[in-house]
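Novice: Please see the structure below; I have some questions.
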Amino acid sequence: MEQHQSSLPASQPPGTATETPRLEQYQLDGFFDELVDSDNQARLDAEKLIALINAMPPGELLRRQHAIERALFRMGITFTVYSDSAGTEKIMPFDVVPRIVSSMNWKHIEAGLKQRIRALNYFLCDIYNERAIVKDGVIPSELIDTAPAYLKECEGLRPFNDVWCHITGTDLVRDNSGSFYVLEDNLRCPSGVSYVLQNRHMMKRNFPQVFASSRVRPVSDYASRLFSLLEDIRPPHVSSPTIVLLTPGVYNSAYYEHSFLAQSMGIQLVEGRDLVVEGGFVYMRTTSGLERVDVIYRRIDDAFLDPKAFREDSVLGVAGLMDVYRRGNVALANAPGTGIADDKVIYAFVPKMIRYYLDEEAILPNVPTYVCQDDDDRKYVLEHIDELVVKAAGESGGYGILIGPHATNDERDEFAAKIKENPRNWIAQPTLELSRVPTLAGEQLEGRHVDLRPYILCSRQNDVWVLPGGLTRVALKKGSLVVNSSQGGGSKDTWVIAEAGQTVASVGDK
Amino acid sequence: MLSRVAESIYWMSRQVERAENLARFIEVTLHMTLEQPDYLVDPWQPLVHATGDNELFQEKYSVANATNVVRFMAFDSDYPSSMISCLRAARENARCVRDSLSSESFQHLNDFYHFVRDAPESQLSDPTSDFFEKVRERSLLWSGIVDSTMPHHVGWHFLNLGRLLERADKTSRILDVKYFSLHKRMDQVGTALDDLQWSTLLLAISGIEAYRREHHLVDIQKIVAFFVFHQSFPRSIFPCITGAKWSLRNIENDCGADVPGNASQQLSVLHHRLANSNAQEVISRGMHEFVDDFQHQLNAVGDSLATDFFHLTAAS
């Protein structure tokens, strides 16, 4: 198969450009669209999907959308609307039109993510130990020491295999030219991968033919990969580790994901109160007494992990856990302390890290970032606040954000005052014209802005794996740029198209 | 198995069983009102008494008619033992242990909860509606799903234990109340009405056909024997206790317990007593006293489960 690569890509249908299906009447509004080009013609690898959409009778897409929503509701993938006393439940919004990533684009993304994760792991090892990157003047030490996510408790630590961030969910966006940028590195407890798997499950059931003919790469082995990773990072003295997933509990918004992943891997889902530290080891309380735990995939934040080491008021964590971790008697994924590397100020330095540790140029660029700590940058930000997106360095989930062009004067003034008060806590970026994907609005398709969160697993410093797929988050409100599910965002299935020789997902895969 | 998970599974199972029994009580009572002339025995007040929460009912509803009692027992979210409250709690417990259940089990329970929650108001106390029959069916389906999609290891035994203890408790309760309210009307013994009432009682535990095949005619002592001492009828008290004892033994084996715990010992005593008693003895001693005593012993078993398995103090 390899020698045929110079000919047309396998997914290109035979025939001429005139046969390429078009999405008539769809409004591009001047934005870059992921599925069709500026002439409304299907992009490479999206032809089959567009042809199917065109061939459907009116209302069919909506019918399938409703069928999927009902199935998600039955599966209990819901959250409770707290403002409603009747306990109304809603599913996480899902859109039936998938996002397609061509094999060529994916190659670029994959290479860029692997490079980035390698550099970030070198950085974490370095910053909590030798601090060479600071001594060599690449990153100012005050930026490190003032970062809220920097953990002094982790200084001098070396996790097994020298890997700190085992599981990453990097947020990517595309601008009006279609170029990919890294928007955020999520190195703490990135969530959403269960939606990738569930969305795929739904799409296979509802679009079996077009799915089968589109040569989509499978995502179904994520849980097995994750399990192997957790096994691989076990303390060296353990041969057959007991692995658990630590959740804050059923009221956490990502609880469904925690339970789904534990079930998919066949490991215990535990809460802090199920665990206890005794004699330098962690145990779980079982009906037959205490049982030792060797690897913890923890889905609670650093600050709540151990009330003895961090927040004393934490009831979610396990008292004494950090001590066991320091002794090397338990492995934690991700390692505590990774938050320093996804601080939004430190983010601005990642291209420099890549140069410093790997002697390479970043394959995936950052979104240009103004660091308000810097006098020139701050001056620029304050003068152009109506054009910029301003973000708090230590926040995530779409909180602490000002979208300058959409904000009122009062809001801009409020953020300007905050920036002057504590410059270290703020960065700003140009407002990107995020790419769009056709999305069902009523019975018709309208463009909605999207981002993309691929998931990356890393068990050894140079062994990085990228799930061929990812979570496409979509801002369902017309014109909105905010894709977070807490603020009106939904998700789509993401189809990464296979090159010749790559495994293709089949409809029968579980 | 995690102690917390074991406890949640145990309660989840009890709560579904409890909801099913409430549906059974209401269903047969609604049907009875269809067949019974208005001027005879009021079937609703005894049902409220059976809940043990008469005061709460009086406070909120005062009059024990069909609408009020059905609303209270089935749909009152403020009443923690109503059918909807039980199903909500069962589903919450299921969510906490979702990773330990088969996906079919969870989905079914999730559906079941929404089915009851979204029940149309008009059907609630309409004796011709099949709503409570559907609830009963869904609960039976739940039983079938958990039994045939999960390995019968320690988790399933906790589930089975919860189910059987709850069922034994409810069978004794319905017998207690009905026995009390029916038996005092001795003047009607042997009448058509009496026949109807006792048949209804058997219907509530799905036992009417099994009883008729064995005994043909209504006889109070035989009915008591059927409810309490039948060797194999699945909703009769004795088989429930036998099954619970068996599951508890399996749990203890799995946990590597050297000596039987408190719960196990109490359950053995209870089993032994039932094995050496009969309906005549129960009736002559007094039905209410028997049921009272039986429920106390069941509660003691439940309390001991907590200390034996769910809330172990740290000692490996």
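Novice: All other residues with a Cβ under 10 Å from the Cβ of B:Gln295 taken together, and with Lys, Arg as +1 and Asp, Glu as -1, what is their net charge?
Specialist: With Lys, Arg at +1 and Asp, Glu at -1, the neighbours total -3.
Novice: For A:Thr431 and B:Leu140, what is the calculated FRET efficiency with R₀ set at 56 Å and r taken between the beta-carbons, to the nearest 0.05?
Specialist: Computed FRET efficiency for A:Thr431 and B:Leu140: 0.45.
Novice: Let me ask something additional. Hey, can you rank A:267-277, A:150-160 by average C-beta count inside 10 Å, highest first?
Specialist: In descending order of packing, they fall as A:267-277, A:150-160.
Novice: Next up: Hey, got the average number of other protein chain Cβ atoms within 10 angstrom for residues in B:2-9?
Specialist: On the way: counts 12, 8, 9, 7, 2, 1, 1, 0.
Per residue, the average neighbour count from other chains is 5.
Novice: What value, in deg cm²/dmol to 500, does the helix sum -39500 (n - 2.57) over DSSP H runs of n ≥ 4 give at 222 nm once divided by the residues of chain A? Spell out each step's value before the answer.
Specialist: Numbers: 15 runs with 140 residues, N = 510.
So the calculated ellipticity at 222 nm is -8000 deg cm²/dmol.
Novice: Now for a separate question. Once you place label points 7 Å from the Cα toward the Cβ at A:Asn252 and B:Ala300, how far apart are they in nm?
Specialist: Inter-label distance under the simple model: 4.2 nm.
Novice: While we're on this one: Where a Cα-Cα gap under 18 Å defines reach, which lysines qualify for A:Lys379, not counting those fewer than 8 residues away within the same chain?
Specialist: Of all the lysines, those that pass the test against A:Lys379 - Cα under 18 Å, at least 8 places apart if same chain - are A:Lys391, A:Lys418, A:Lys420.
Novice: For a paramagnetic label modelled at 7 Å from the Cα of A:His406 toward its Cβ, which residues of region A:417-446 fall within the zone defined by backbone nitrogen distances under 20 Å?
Specialist: Flagged as within label range: A:427-442, A:446.
Novice: Something else now. Using only atoms on other chains, find how many Cβ atoms lie within 10 Å of each Cβ of peptide A:174-183 and report the average.
Specialist: 0
Novice: Kindly state, to the nearest 0.05, the FRET efficiency for B:Val259 paired with A:Asn54, given R0 = 45 Å and r defined as their beta-carbon distance. Show your work: numbers first, answer last.
Specialist: Numbers: r = 73 Å, r/R0 = 1.63.
Once the sixth-power term is evaluated, E becomes 0.05.
Novice: Let me ask something else about it. On a C-alpha basis, how far is the centre of region A:375-443 from the centre of region A:152-219 in Å? Whole number, if you could?
Specialist: First find each Cα centre; the distance between them is then 25 Å.
Novice: Starting from the Cα of B:Trp246, step 7 Å along the direction of its Cβ; do the same at A:Glu278; then give the gap between the two resulting points in nm.
Specialist: Here the modelled spin labels are 3.4 nm apart.
Novice: Once amide H atoms are built 1.01 Å from N in the peptide plane, which residues 5 or more positions from A:Asn366, or in another chain, come under 5 Å H to H?
Specialist: Answer set, sorted by chain and number: A:Val182.
Novice: At 0.36 nm per residue, and after removing the present C-alpha to C-alpha distance, how many nm does the segment from A:Asn422 to A:Glu360 gain when stretched out fully?
Specialist: Working: separation 62, 0.36 × 62 = 22.32 nm, distance 3.37 nm.
Additional length available on full extension: 19.0 nm.
Novice: What ranking do B:223-229, B:252-258 get when scored by the average of other Cβ atoms within 10 Å per residue, highest first? Display every interim value, and only then the final one.
Specialist: Numbers: B:223-229: 21.6, B:252-258: 13.9.
Going from most to least packed, we get B:223-229, B:252-258.
Novice: What is the sum of charges, Lys and Arg at +1 and Asp and Glu at -1, for the other residues whose Cβ falls under 14 Å from the Cβ of B:Arg136?
Specialist: Every neighbour counted, the sum reads +1.
Novice: Set the Förster distance to 60 Å, then compute FRET efficiency between A:His66 and B:Ser284 from the Cβ-Cβ distance, nearest 0.05.
Specialist: The value I calculate is 0.40.
Novice: Antiparallel versus total DSSP beta bridges in chain A: what percent is that, nearest 5?
Specialist: 75 percent
Novice: Shape call for the protein assembly as shown from the C-alpha gyration tensor, a ≥ b ≥ c root eigenvalues: rounded (a/c under 1.5), prolate (a/b greater than b/c) or oblate?
Specialist: Details: a/c = 2.38, a/b = 1.78, b/c = 1.34.
Verdict is prolate for the protein assembly as shown.
Novice: All other residues with a Cβ under 10 Å from the Cβ of A:Asp294 taken together, and with Lys, Arg as +1 and Asp, Glu as -1, what is their net charge?
Specialist: Result for the local shell: +1.
FYI, it's all coordinate maths here, none of it is from the lab. Computed from a predicted model, the values in this text were never measured in an experiment. Glycine gets a Cβ as well: all are built from the backbone with ideal geometry, and neighbour counts include every protein chain shown.
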